[in-house]
Structure formats: C-alpha cells, structure tokens
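Below is one structure; the comments refer to it alone.
Readers should treat all values here as calculations from the given coordinates under stated rules, not as data from a laboratory. Values in this document were obtained by computation on a predicted structure and should not be read as measured data. All Cβ positions, glycine included, derive from the backbone under ideal geometry; neighbour counts span all protein chains shown.
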Protein chains: 2
Amino acid sequence: MRVGWIGTGLMGEPMARRLLAAGHRLAVYNRTPSRTRKLVAAGAGAAGSVAEAVAGNEVVVTMVALPADVEQVFLGPGGVLAHAAPGSVVVDCSTSSPELARRLAEQGAERDVAVLDAPVSGGPAGAEAGTLSIMAGGDAEAYARVRPLLAAVAATVVHHGPPGSGQLAKLVNQTLVAGATLAVCEAYALAHRVGLDPELVRESTRVGVAGSPLFDFLWTRLAAGDLEPGFKLDHFIKDLALVREAAGESPLPGVGLVTELAERARAGRGGGRGTQALVTAIMERAR
Amino acid sequence: MRVGWIGTGLMGEPMARRLLAAGHRLAVYNRTPSRTRKLVAAGAGAAGSVAEAVAGNEVVVTMVALPADVEQVFLGPGGVLAHAAPGSVVVDCSTSSPELARRLAEQGAERDVAVLDAPVSGGPAGAEAGTLSIMAGGDAEAYARVRPLLAAVAATVVHHGPPGSGQLAKLVNQTLVAGATLAVCEAYALAHRVGLDPELVRESTRVGVAGSPLFDFLWTRLAAGDLEPGFKLDHFIKDLALVREAAGESPLPGVGLVTELAERARAGRGGGRGTQALVTAIMERAR
C-alpha cells in the first residue's frame with residue numbers, strides 16, 4: 001500500500017521501518033526533519049509537510065506525543081483532514097483522548113475520510129521486535145481494510161468498537177500499568193528497607209503470580225540505581241490525566257495515588273526520568 | 001528421607017503428595033484428622049499428634065494458616081520443638097511473621113534443631129503443578145540438606161539469608177501481589193464504566209507489559225462475575241498486616257490503600273470471597 005506516515009519518534013520510527021520491510025511504500029514526515037533521515041535511507045520518501053505526506057495516499061498513519069499534537073496535525077492549517085483523499089483511511093496510533101478520537105472520526109466522515117484510533121502498547125522495544133499490541137476503535141469496514149497493515153507492525157491487533165474505544169482500551173491498559181508500577185516500586189522499597197538482596201528477590205518473585213515483563217524491566221533498573229526511561233514520567237502523568245478524565249465521576253483511588261506519587265517524583269528531579277523514579281516518592285513519603 | 005508433615009490443607013496436601021511421589025516416607029498430621037485421609041490412601045503414615053509426626057524424623061515440614069497457628073504448633077504443649085530430634089531440620093512453609101521466624105530459629109538452635117522459614121508462592125494450582133516458588137531463610141548448612149526435598153515441591157527455590165529472610169521475601173512478593181491486584185481491579189472497573197467488552201480488553205491487554213498470571217486469573221473471574229476465591233480476602237488482609245509490620249516506620253502508601261479497600265470489601269460480604277472482590281470497594285468508593 002501507499003502510506004503517509006507522520007511522526008517518526010521513538011515509537012514511530014521502528015513502526016514505520018516494519019511497514020517498509022513488509023513492502024509498503026511510505027512517505028514520511030516529522031516536525032524535526034532530521035528525524036526521518038534513517039527511514040529515508042531505508043527507502044521511504046521524504047515529505048516536506050503534513051499535506052505532502054497525506055496527498056494521494058490510501059492510508060495515513062500518525063504517531064505523535066500529545067493530544068494537543070494530534071489536534072494540530074489533524075485539524076491545524078495544512079492538517080491531515082484538509083488534505084486526505086476522499087475514501088482514504090487515517091489511523092492515529094498516538095495515545096490520546098477518547099473524546100478527541102470521536103471528534104476526529106466525525107469530522108473525517110464529513111469529508112469521506114475514515115479516522116481510526118489505534119494506540120499501541122509495548123514501548124520502543126516492542127516496536128523494534130514487532131510485539132506491540134494495537135487497540136483499535138472506529139468504523140469496522142475501514143478497520144478491515146487496514147488490519148493487514150497493522151498486523152505488520154504488531155503481534156496483537158484488536159478492534160474494540162466505535163471511535164474512541166481504542167483509546168479507552170489503551171487507558172484501561174495504562175490503569176493496569178499504573179497499579180503494576182506502584183506494585184513493583186513498593187515491593188522494591190520494602191526489599192531495600194529490610195535489607196534483602198534485590199537479585200535474589202527478583203529470582204524468587206518473577207516466577208510468582210504477579211511476575212510480568214514490567215516487573216523484570218523496572219526491578220532490574222531499580223536494583224542498578226538506574227532511573228533513565230523506559231517510560232518517561234512526563235508521558236505517564238499525561239496518560240494518568242487521560243485515565244482520570246475517562247473515569248469521570250468514578251475516580252479510581254489507585255490511579256489517584258499513583259498520580260500524586262508521580263507528580264512528587266517529577267517535582268524532585270524532572271519528568272524526563274523513567275516511571276521507576278516513583279520509588280523516590282515512596283521512600284520519601286515513608287520518612 | 002523420613003519426613004514429618006504437619007498441615008494438610010489446600011496447600012499442604014498437594015505439596016505433601018509431591019514428596020510422596022518423589023519417594024519420600026511421610027508421617028502426616030492435621031488438626032482435623034479426616035484431612036489426611038487422601039494422603040494416607042496414597043501411602044503416607046497417619047500421625048495422631050504433632051509429637052507423633054515429629055518423632056524420629058530427619059525433616060519436619062509445617063504448613064498452617066496463621067502466625068498464631070505456627071506459634072502453637074511449634075511452641076505449644078506437645079509442640080514441634082519439644083519433640084524434634086536433635087540434629088533434625090524443621091521447615092515452616094507457612095506465610096508468617098519474620099520476627100516469629102527468628103524466634104523459632106533461636107529456640108530451635110538451643111535444642112540443636114535447625115528451623116528454616118520457607119514460605120511459598122503460587123497457590124493451590126502451583127502446588128498441584130509443582131510450579132511453586134519457595135523463599136527460604138535460615139542456617140545455610142541446614143538449607144543445603146533440605147534443598148533437594150524443597151526442589152521436589154517447587155520449581156524455584158531461593159535461599160535469601162538468615163532466619164526470617166524467607167518470610168521477608170514472601171512479604172515483598174505479597175506487596176507486589178497487593179499492587180497488582182489493585183491494578184487489575186481498577187482496570188476492570190474502568191473497562192466496565194466505559195462499556196468495553198472485557199474479553200476483548202483481556203485479549204489486547206494480557207500481551208502488554210503488565211500482563212501476568214494474576215491478571216489472567218482475576219480478570220477472567222471478574223468478567224464472569226465470579227467472586228469465589230482463588231486467594232481469600234481474609235488471608236490477603238492477614239498478609240497485608242504482616243507487610244505493614246515489616247515496613248514499620250516506612251509505611252507503603254499503596255499497601256495502605258489496598259488494606260483499606262480489602263477491609264471495606266470484606267465488611268460488605270465477608271472475607272471468604274476472593275481478592276477480586278476488591279472491585280466492589282473500588283466501584284462503591286467511586287459512587
């Protein structure tokens with residue numbers, strides 16, 4: 001397929017590379033043009049603007065950082081919806097707001113452009129390895145057309161229902177990640193407090209019922225005193241805000257606590273550190 | 001080896017059965033004698049008292065429900081320490097207090113009896129399948145002598161250090177389980193609130209970074225409206241109290257929140273339900 005690809009950051013670049021490898025023809029665009037260089041070297045065409053990336057393509061994929069970026073890329077002057085070909089499908093893989101996803105689907109429909117929300121889980125490592133999970137929402141017929149393309153990028157692709165339901169499923173996933181991150185950081189804080197060898201605890205605990213890839217990832221870094229991301233506190237806090245918005249009048253107490261701890265950890269040394277920095281707020285609060 | 005086995009409940013029975021199958025000779029005792037019937041039919045000898053189970057055996061294993069039961073079985077009149085042969089090793093597989101484990105090891109040493117703490121993780125299903133994880137603490141030489149026996153019961157056996165460190169490692173594991181249980185129940189509450197199909201969410205989320213055997217187990221039951229245990233709220237609340245005690249002056253905020261929710265869920269309909277009943281307290285609090 002001829003695909004326009006917008007957003008070639010930590011996630012977008014390896015995802016786009018998998019599409020190239022699967023034989024698709026890509027026109028790639030990034031706000032910072034130098035970030036498309038590797039993909040262009042791998043055979044993608046360079047687009048000088050969103051309009052150029054979109055024009056004439058059957059499918060457009062967007063992968064940007066924040067809901068505000070999504071809004072600008074879709075609705076801004078020279079944006080996706082102004083230039084997408086009638087009959088084309090636009091897939092937004094960013095983690096964004098369900099309400100915005102519904103709005104984009106509506107405005108797309110007015111121009112005969114199907115907009116799907118299709119956020120992904122699995123991080124840069126999953127994108128490299130092709131083991132991502134994609135949670136899609138939107139028109140079923142448009143989904144069926146792009147499913148093979150999504151399956152080239154991810155190991156698991158699930159259609160959750162109408163526009164916005166992909167974003168909602170991702171927020172459910174992030175709720176699970178939030179509680180699991182708290183769990184790992186508190187377990188680590190306790191092990192540290194009582195003087196256990198973290199490597200021995202990892203060995204006996206990872207095989208237990210609550211063992212997960214997240215446990216392995218965060219625990220190993222905590223044991224090494226490594227607070228580099230992985231998953232940045234800033235992005236985590238953004239996702240938690242979307243979860244709280246989706247929960248509305250039914251606030252989730254664990255998500256509330258994790259938000260408080262994540263904001264305190266960020267206030268300490270900035271939001272560029274990984275989510276395992278939550279441990280600093282737990283230990284500090286403990287004093 | 002000749003083994004005395006005390007406690008043949010949900011966990012103790014399948015663990016003892018694996019030892020029998022591995023060719024060891026067992027004398028089994030339970031407070032409720034009928035609960036040893038299956039093991040006796042499988043070839044174990046029936047002991048009429050703790051003293052009888054202990055007498056003349058190189059190794060004794062105890063697997064009972066509560067720290068108070070551990071204390072009584074070890075220190076009560078006719079208890080383990082009064083009857084264990086000098087030079088023997090007693091392994092307490094109950095989840096109990098690290099402080100009590102240290103006390104039993106000291107009092108055992110006075111009688112030339114090595115007492116190890118060796119709580120297990122993995123539940124009745126893990127005990128049946130032989131996939132348990134055993135977290136051991138206590139004298140290294142005594143541990144080396146019983147390790148082959150523990151390896152017949154569990155897939156992972158780790159020695160964490162001096163007396164009490166097995167219990168501490170188990171409490172770290174339970175801290176992880178507590179946060180992970182909160183994570184699954186909050187994710188489910190959100191999915192329910194926004195009207196997503198729980199089976200589709202399970203499919204896209206279980207492969208994510210926070211997917212775990214616990215997620216699969218709890219989510220499947222929540223989706224079926226099934227609050228039967230698995231892991232009983234009563235036992236969960238007991239373990240959380242041990243975690244809070246071990247954390248001492250460094251309280252863990254997530255464990256505090258999970259305790260509050262678990263106690264509210266128990267107040268609703270009793271502590272015999274499974275830990276997934278936490279969802280009722282989350283949804284109630286949300287209203």
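Once the convex hull of all Cα atoms in region A:169-286 is built, its volume per residue stands at 103 Å³. Shown for A:A46: label points 7 Å from Cα along the beta-carbon vector, and their distances to the equivalent points in the other copies, 8.6 nm in ascending order. Global size of the protein assembly as shown: 27.2, 87 Å for Rg and Dmax (C-alpha atoms, Rg to one decimal, Dmax whole).
Dipole check for region A:2-162: with +1 at the C-beta of Lys and Arg, -1 at the C-beta of Asp and Glu, and the Cα centre as origin, the magnitude is about 580 Debye.
Could you estimate the translational diffusion coefficient of chain B from the Stokes-Einstein equation, with Rh from the Kirkwood formula over C-alpha pairs, at 20 °C and 1.002 mPa s, in whole µm²/s? Result for D is 108 µm²/s. Excluding B:G130 itself, calculate the net charge of residues whose Cβ lies under 14 Å from the Cβ of B:G130, where each Lys or Arg counts +1 and each Asp or Glu counts -1. Here the charged neighbours net out to 0.
For every other residue with a beta carbon closer than 11 angstrom to the beta carbon of B:G43, add +1 if it is Lys or Arg and -1 if Asp or Glu, then tell me the sum. Once positives and negatives cancel, what remains is +3. Against chain B, whose longest principal axis comes from its Cα atoms, helix B:140-151 is set at around 60 degrees.
Evaluated at q = 0.09, 0.12, 0.14, 0.21 Å⁻¹, the base-10 log of the normalised Debye intensity for region B:2-162, with identical point scatterers placed on the Cα atoms, takes the values -0.23, -0.42, -0.59, -1.52. Helix B:213-223 sits at what angle to the longest principal axis of chain B, using alpha carbons and giving 0 to 90 degrees rounded to 10? The angle comes out at about 50 degrees. Taking a label point 7 Å from Cα toward Cβ, how far is B:P33 from its twins in the other copies, in nm, shortest first? For B:P33, the inter-copy label distances come out at 9.0 nm. A cut-off of 5 Å between modelled amide H atoms, ignoring neighbours fewer than 5 places along the same chain, links B:G45 with B:L26, B:A27, B:V28.
Cα centroid separation, region B:161-194 to region B:203-226: 14 Å. Sparsely packed loop sites in region A:192-249 (the chymotrypsin sites (Phe, Trp or Tyr not before Pro) outside DSSP H, G, I, E and B with at most 12 other Cβ atoms within 10 Å) do not occur.
Report, in listed order, any pair from B:K170/B:K238; B:K38/B:K232; A:K38/A:K232; A:K170/A:K238 with a Cα-Cα distance greater than 19 Å. Those over the limit are B:K38/B:K232; A:K38/A:K232.
Of all chain B residues, the one whose Cβ lies closest to the rotation axis that maps B onto A, given with that distance rounded to whole Å, is B:S212, 2.
So if I take the centroid of the Cα atoms in region A:47-93 and the same for region A:228-243, what is the distance between those two points in Å? For region A:47-93 versus region A:228-243, the Cα centre distance is 24 Å. Within region B:227-269, the GluC sites (Glu not before Pro) that combine a DSSP coil assignment with at most 13 other C-beta atoms in a 10 angstrom radius are B:E249.
The helix-only estimate of mean residue ellipticity at 222 nm for chain B, built from DSSP H runs of length n ≥ 4 each weighted as -39500 (n - 2.57), is -16500 deg cm²/dmol after division by the residue total.
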